[in-house]
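What follows is a single structure, written as structure tokens, with notes after it.
The values are calculated or read from the model by the stated rules, or taken from the named source; none is laboratory data. These numbers were taken from a predicted model, which means no experiment stands behind them. Positions of Cβ are generated from backbone atoms using ideal geometry, with glycine treated the same way; all protein chains shown enter the neighbour counts. Surface accessibility is based on the protein's heavy atoms, side chains included, excluding ligands, DNA and RNA. Shrake-Rupley method; radii C 1.70, N 1.55, O 1.52, S 1.80 Å.
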Amino acid sequence: MSVRKGPCWKGIAVTAAVACAVAAAPAAATGRSAPATVPSLAWSPCPDAPGFTCATAEVPLDHLHPDGRMIELAVIKRPATDPDRRVGSLFFNPGGPGNAAAGTAALPLAYERFPRELRERFDIVSWDPRGVGRSTAVRCFRSVEEFTAWAARVPDGFPVGAREREAWISAFAELGRICGHRLPALLRHVSTADTARDLDLLRRAVGDRRLSYLGVSYGTFLGATYANLFPRRVRAVVLDGNVDPVRWVRMRPELPTELRQGADIGSARTLSRFLELCGRTTADRCAFSAGTPRATRDKYQRLLRRLREHPQGEWTYAATVAAVVNGLYVVAPGWTELAQDLQDLWEGRAPSRQDSTATPAAAPVPSKAEEQPAYPEVEPPLAVECSESPNPRDPRRYRHFERYARARSGDVGSYWTWLPEPCATWPARAAHPYTGPWNRSTVPLLTVNTTYDPATPYRAAVAATRHLGNARLITVRGYGHTTLLNPSTCAGLHEVRYFLTGALPPRGTVCRQHTRPFTSPVPSPE
């Protein structure tokens, strides 16, 4: 969510946060609103994604006032490869919130990760949610130059020291003022509940009577929201890498969103396993190995202490910690590449490769509705999360939260503390958020989580499954953020069976990943 220049620029937000503590109006809480016209989708070949077709949907800005202002959604589809046996459409949300959720960019990259049986039997459909990418977007800067001047003030990764904390707080407060002045109406209508209502219109637009849906990371909260706003319109919903919806919408305990979710704890536990497994193997499999787990952990801490005093080019202490967190998302090849980056830094070289484990963000292509300057999208994650997330409103308290997080999770605690700090001064609140209940689905939902997820920890999946009531959890013993990015053949078979037949796996199902960390030697450079 933060502006990250240099080696740890991601332009993404993960796990993300929270729906507003203000109770939704009755119509918003039940999904009932004034009828909106089902959008007409005129499909045509996507200019930058061969084999995919694209369309634009018009939906109301405010679903409670469908005759008012309309906005655009960019939609993408890959038709079923076995059309004679087609079941329907399978909607996919790749996470976020914000730019990482841009389906028009993510689906072409993720498509081959879908099991063959699903690609045969379903049209795979995604879209850029409102506020994001090629849809009507939250873009607050009028030029690339204006954005660049603002971004130059933002510390990389997270702030370190009093001067950087002041710069961070001031820069994001200014961003909030700019966005509030230029896009006051749109900012109140980019919540997860708004997007769930868009999704229901898209379901109707493709002709499906009920929804089939795969959501990963923040997409799990969107799926849970849809299933409870429209409980009788669900066919099959798989939630992979789960957000706890109750902690998303309630500030209990009184902590910033990501700390309530336990993202810092998930990162710390996963990092500990990364260093443990690296230290157990040899340097030809994990370049950062120091021969034993203890020695490898000591080596890592010595590297961070050195970078605090002597940054390696753009690889500052904070930039490196942020890159480590994001580098833990994908085991293969991400962990091997992260180990090589750390070893490069250890040997006094700035890694030559930009971190390849980033979730692809939408290309900065303007929507048809409004030409926008092409700069990295930093506003959409904030617009979604801050509009519906109860975060502490005093920026000065985040130093206290940082101390708390570092005490329980080490260096990664700083990263996750400052990620939602911009919400402290964000100007808008969602007009119609959904805050529960969460157990209204009439169809069983399927949740999936790795045991060592650095962004959406396993404990959040256990809690989400309990809150959803009518849900079944697949535990994947393994590492990384979501099983879509870190596959398990066992979990995949259960998901395919569920999508095709509705059959759930047995209670207590445990699967393993089919690629373990550091199992292959690192290829020698050509």
Restricting attention to the stretch 59-105, report how many residues are of a type in the set (A, V, I, L, M, F, W, C) and over 25 Å from P45 (Cα atoms). 2
Residue list for the stretch 504-519, filter: open to solvent by 50 Å² or more (accessible area, probe 1.4 Å) and of a type in the set (A, V, I, L, M, F, W, C): V510
Quick check: anything in the stretch 175-198 surrounded by fewer than 22 Cβ atoms within 10 Å (Cβ to Cβ), more than 16 Å from A383 (Cβ to Cβ), modelled with pLDDT of 95 or more and of a type outside the set (F, W, Y)? no
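Identify, from the list A322, A350, the residue that is buried (at least 20 other Cβ atoms within 10 Å of the Cβ) and touching a Gly at 6+ places or on another chain (Cβ under 6 Å). Step through it out loud before you land on a result.
On the way: A350 fails: buried (at least 20 other Cβ atoms within 10 Å of the Cβ).
Result of the check over A322, A350: A322.
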The one condition Y404 fails out of (1) modelled with pLDDT of 95 or more; (2) open to solvent by less than 30 Å² (accessible area, probe 1.4 Å) is (2)
When only residues in the stretch 278-290 that are assigned to a helix (DSSP H, G or I) and open to solvent by less than 30 Å² (accessible area, probe 1.4 Å) count, which is farthest from R516 (Cα to Cα)? G279
Tally time: how many residues in the stretch 105-121 are open to solvent by less than 20 Å² (accessible area, probe 1.4 Å) and farther than 15 Å from L211 by Cα? 5
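From the list Y226, Y213, exactly one residue is free of Cβ contacts under 8 Å to residues at least 60 places away in the same chain, among the aromatic types (F, W, Y) and either touching a strand residue (DSSP E or B) at 6+ places or on another chain (Cβ under 9 Å) or assigned to a helix (DSSP H, G or I) (or both). Which is it?
Numbers: Y213 fails: free of Cβ contacts under 8 Å to residues at least 60 places away in the same chain.
Just a single option satisfies the conditions, and that option is Y226.
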Name the pairs: first residue in the stretch 96-119 and over 24 Å from P376 (Cβ atoms), second residue of a type in the set (S, T, N, Q), Cβ to Cβ under 6 Å, at least 6 apart or on different chains? R119/T81
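Please count how many residues of the stretch 141-189 are part of a helix (DSSP H, G or I) and of a type in the set (S, T, N, Q).
Let us first name the residues in the stretch 141-189 that are part of a helix (DSSP H, G or I), namely 144-151, 162-182, 184-187.
Subset that is of a type in the set (S, T, N, Q): 148, 170.
Summing the residues that are part of a helix (DSSP H, G or I) and of a type in the set (S, T, N, Q) in the stretch 141-189 gives 2.
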Can you tell me which residue is most open to solvent (accessible area, probe 1.4 Å) among those in the stretch 413-439 that are closer than 30 Å to N470 by Cα and among the aliphatic types (A, V, I, L, M)? A431
Filtering the stretch 454-503 for residues that are part of a helix (DSSP H, G or I), among the charged types (D, E, K, R) and surrounded by fewer than 22 Cβ atoms within 10 Å (Cβ to Cβ) leaves a count of 3
Regarding the stretch 122-139, can at least one residue be identified that is touching a helix residue (DSSP H, G or I) at 6+ places or on another chain (Cβ under 6 Å) and surrounded by fewer than 21 Cβ atoms within 10 Å (Cβ to Cβ)? no
Tell me, yes or no, whether the stretch 246-256 has at least one residue that is crowded, with 24+ Cβ neighbours inside 10 Å, among the acidic types (D, E) and out of contact with any strand residue (DSSP E or B) (no Cβ under 7 Å at 6 or more places or on another chain). no
Can you confirm whether T442 is open to solvent by 10 Å² or more (accessible area, probe 1.4 Å), in a loop (DSSP other than H, G, I, E, B) and more than 29 Å from R197 (Cβ to Cβ)? no
Exactly one of these conditions fails for G313: (1) at pLDDT 95 or above; (2) open to solvent by 50 Å² or more (accessible area, probe 1.4 Å). Give me its number. (1)
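Kindly evaluate R85 against the criterion of being modelled with pLDDT under 80, surrounded by fewer than 21 Cβ atoms within 10 Å (Cβ to Cβ) and more than 27 Å from H481 (Cα to Cα).
Numbers: modelled with pLDDT under 80: no; surrounded by fewer than 21 Cβ atoms within 10 Å (Cβ to Cβ): yes; more than 27 Å from H481 (Cα to Cα): yes.
It is false that R85 is modelled with pLDDT under 80, surrounded by fewer than 21 Cβ atoms within 10 Å (Cβ to Cβ) and more than 27 Å from H481 (Cα to Cα).
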Consider only pairs whose beta carbons are under 9 Å apart and that are at least six residues apart or on different chains; among these, list those whose first residue lies in the stretch 67-89 and is in contact (Cβ under 8 Å) with a residue 40 or more places away in the chain and farther than 22 Å from A110 by Cβ and whose second residue is aliphatic (A, V, I, L, M) and assigned to a loop (DSSP other than H, G, I, E, B). R69/L61; I71/L61; I71/A369; E72/A369
Considering only residues that are within 21 Å of the chain's Cα centre (by Cα) and assigned to a helix (DSSP H, G or I), which ones fall in the stretch 230-262? P245, V246, R247, W248, V249, T257, E258, L259, R260, Q261
Which condition number in (1) surrounded by fewer than 24 Cβ atoms within 10 Å (Cβ to Cβ); (2) on the phi < 0 side of the Ramachandran plot; (3) not basic (K, R) is the one that G410 fails? (2)
Members of the stretch 269-299 that are free of Cβ contacts under 8 Å to residues at least 12 places away in the same chain and of a type in the set (V, I, T): T282
Subset of the stretch 63-82 [assigned to a loop (DSSP other than H, G, I, E, B) and either in contact with a helix residue (DSSP H, G or I) (Cβ under 8 Å, 6 or more places away or on another chain) or loosely packed, with under 15 Cβ neighbours inside 10 Å (or both)]: H63, L64, H65, D67, G68, R69, A80, T81, D82
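Pick out the one residue from S170, S191 that is among the polar types (S, T, N, Q) and either closer than 27 Å to C54 by Cα or in contact with a Lys or Arg (Cβ under 6 Å, 6 or more places away or on another chain) (or both). Before the answer, list the steps.
On the way: S170 fails: either closer than 27 Å to C54 by Cα or in contact with a Lys or Arg (Cβ under 6 Å, 6 or more places away or on another chain) (or both).
It is S191.
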Members of the stretch 48-57 found to be open to solvent by 30 Å² or more (accessible area, probe 1.4 Å) and farther than 15 Å from L107 by Cβ, listed by number: T56
What's the number of the condition P231 fails, among (1) more than 28 Å from S414 (Cα to Cα); (2) surrounded by 21 or more Cβ atoms within 10 Å (Cβ to Cβ); (3) of a type outside the set (S, T, N, Q)? (2)
Determine whether R204 is modelled with pLDDT of 95 or more, open to solvent by 10 Å² or more (accessible area, probe 1.4 Å) and either of a type outside the set (D, E, K, R) or part of a helix (DSSP H, G or I) (or both). yes
